[in-house]
Amino acid sequence: AKKAFREGASNCFICSNRSGAGIDGLQDRCSVAVIAELDYSPAIVDQCIGRIHRDGQKKEVTAYIPISKVGSD
């Protein structure tokens, strides 16, 4: 999935917060992140956003963090 996204075969890439550690190259393909998995550590959320907000990013980065008033995240 990562390769397909980087090469343009897919316009959507989904990964869990912690499994994405060390991923680079996303800044060349996207500028929007949806953080759908809340973490107990705010630093993990910052790290997820940082995967696309890196050197070489040419667009403004937007991150959406949807939160529910009921149920679980």
Checklist line | Which numbered condition V45 misses (of (1) outside any loop (DSSP other than H, G, I, E, B); (2) open to solvent by 80 Å² or more (accessible area, probe 1.4 Å); (3) among the β-branched types (V, I, T)) | finding: (2)
Next item on the list: Return only the number of the condition from (1) out of contact with any Phe, Trp or Tyr (no Cβ under 7 Å at 6 or more places or on another chain); (2) assigned to a loop (DSSP other than H, G, I, E, B) that A4 does not satisfy.
Entry: (2)
Notebook entry, point to check: If only one of A9, A4, A21, A36 is in contact with a Pro (Cβ under 9 Å, 6 or more places away or on another chain) and open to solvent by less than 100 Å² (accessible area, probe 1.4 Å), which one is it?
Noted result: A36
Next item on the list: Residues being closer than 17 Å to F5 by Cβ and open to solvent by less than 90 Å² (accessible area, probe 1.4 Å): count how many of those fall in segment 51-73.
Entry: 6
Check: Can you pull out the residues in segment 29-46 that are within 23 Å of E7 (Cα to Cα), out of contact with any helix residue (DSSP H, G or I) (no Cβ under 7 Å at 6 or more places or on another chain) and not β-branched (V, I, T)?
Finding: C30, S31
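The values are calculated or read from the model by the stated rules, or taken from the named source; none is laboratory data. All values reported here derive from a predicted model rather than from experimental measurement. All Cβ positions, glycine included, derive from the backbone under ideal geometry; neighbour counts span all protein chains shown. Calculation scope for accessible area: heavy atoms of the full protein, side chains included, ligands and nucleic acids excluded. Shrake-Rupley method; radii C 1.70, N 1.55, O 1.52, S 1.80 Å.
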